[in-house]
Amino acid sequence: MHRHYERADELSRKVIGAAIEVHRTLGPGLLKSIYEKCLMRELELRGLNAARQQQVTIEYKGIEFEEILKCDVLVEGCLLLELKAVEEIAPIHKAQVISYLKLLDIPLGLLINFHETRLVDGVSRLYLPGANQ
């Protein structure tokens with residue numbers, strides 16, 4: 001099991017509650033950037049530390065370099081949030097989250113689509129391979 005899995009799993013419930021509050025207040029159909037800013041505020045109000053766009057070290061076949069990773073939100077350094085406001089989640093959206101989890105060594109990610117009528121229908125939990133075993 002990944003060393004941060006239990007903390008990320010615990011945080012995921014709090015974050016989903018915060019996202020539901022944002023969705024309940026604003027409703028579906030807005031721009032992703034609006035949901036992202038409001039969710040950041042909701043997480044702050046709940047006492048959670050969250051950051052946007054993280055700089056990471058990429059290692060590839062003997063080279064290392066720093067790059068800004070355009071992931072939407074990282075909560076408490078162990079839970080990744082990728083936000084969408086799209087008609088339908090495509091397989092590439094889930095693959096993107098898995099790639100971010102690998103690069104950041106984060107055990108759990110939430111893919112949240114604010115375009116749904118009921119937000120719970122738009123939440124997917126994605127795991128770093130082997131993180132929850």
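Taking a temperature of 20 °C and a viscosity of 1.002 mPa s, what whole-number D in µm²/s does Stokes-Einstein yield for segment 5-127 with Rh from Kirkwood over alpha carbon pairs?
Numbers: Rh = 14.7 Å.
For the chosen part, D equals 146 µm²/s.
Reachable lysines from Lys102, Cα under 22 Å, same-chain residues fewer than 8 places away excluded?
Here the lysines satisfying the reach criterion relative to Lys102 are Lys61, Lys70, Lys84, Lys94.
How about segment 38-76: which trypsin sites (Lys or Arg not before Pro) there lie in a loop by DSSP and see at most 15 other Cβ atoms within 10 Å? It would help to have the intermediate numbers written out before the result.
Numbers: sites: Arg41, Arg46, Arg52, Lys61, Lys70; in loops: Arg46, Arg52, Lys61, Lys70.
Loop-located and lightly packed - Arg46, Arg52, Lys61, Lys70.
Which is farthest toward the positive dipole end of the chain among Ala85, Ala95, Leu128, measuring Cα position about the Cα centre, with Cβ charges +1 (Lys, Arg) and -1 (Asp, Glu)?
Positive-end residue among those listed: Ala85.
For Lys94, Lys102, which order do you get if you count the other beta carbons within 10 Å of each Cβ and list the fewest first?
Working: Lys94 15, Lys102 11.
In order of increasing Cβ crowding within 10 Å: Lys102, Lys94.
Using 0.36 nm per residue, how much length does the chain from Glu21 to Ser99 gain when fully extended, once their Cα-Cα distance is taken away?
Details: separation 78, 0.36 × 78 = 28.08 nm, distance 2.81 nm.
This chain segment gains 25.3 nm when fully extended.
Return the distance in nm (one decimal) between the two label points of a simple spin-label model at Leu45 and Arg13, each offset 7 Å from Cα along Cα→Cβ.
Taking the simple label geometry, Leu45 and Arg13 are separated by 2.1 nm.
How big, on average over all directions, is the shadow cast by the Cα convex hull of segment 58-100, in nm²?
4.1 nm²
Using Cβ counts within 10 Å as a stand-in for footprinting exposure, how do Glu10, Glu88 rank, fewest first? Walk me through the numbers before you get to the answer.
Details: Glu10 13, Glu88 9.
With the fewest neighbours first, Glu10, Glu88 line up as Glu88, Glu10.
Give the residue from Leu11, Leu31, Leu74 lying farthest towards the positive end of the charge dipole for segment 5-127; charges sit on Cβ (+1 for Lys and Arg, -1 for Asp and Glu) and the dipole is referred to the Cα centre.
With unit charges placed on the Cβ atoms, the residue in question is Leu31.
Quick one: order Ser124, Ser33 by neighbouring beta-carbon count within 10 Å, fewest to most. All intermediate terms of the calculation are to be shown ahead of the outcome.
Working: Ser124 15, Ser33 11.
Placing the least packed residue first, the sequence is Ser33, Ser124.
Based on Cβ point charges of +1 for Lys and Arg and -1 for Asp and Glu, what charge dipole magnitude is obtained for the chain about its Cα centre, in debye rounded to the nearest 20? Show your work: numbers first, answer last.
Working: 17 positive and 19 negative charges, 43 e Å.
That gives a dipole near 200 debye.
Could you let me know the centre-to-centre spacing of segment 1-37 and segment 61-133, using Cα atoms, in angstrom?
A separation of 12 Å, based on Cα centres.
When the helix-only estimate is applied to the chain (DSSP H runs of n ≥ 4, each -39,500 (n - 2.57), divided by the residue count), what is the mean residue ellipticity at 222 nm, nearest 500 deg cm²/dmol? Intermediate values should be presented prior to the final figure.
Details: 3 runs with 50 residues, N = 133.
Calculated at 222 nm, the ellipticity per residue is -12500 deg cm²/dmol.
Taking the convex hull of the alpha carbon atoms in segment 85-133, what volume per residue do you get, in Å³?
Working: hull volume 3.5 nm³, N = 49.
So the per-residue hull volume is 71 Å³.
A short reminder: the numbers here are calculations on the coordinates, not readings from a lab. Being a predicted model, the structure only gives us computed values, none of them experimental. Positions of Cβ are backbone-derived with ideal geometry, glycine not excepted, and every protein chain shown enters the neighbour counts.
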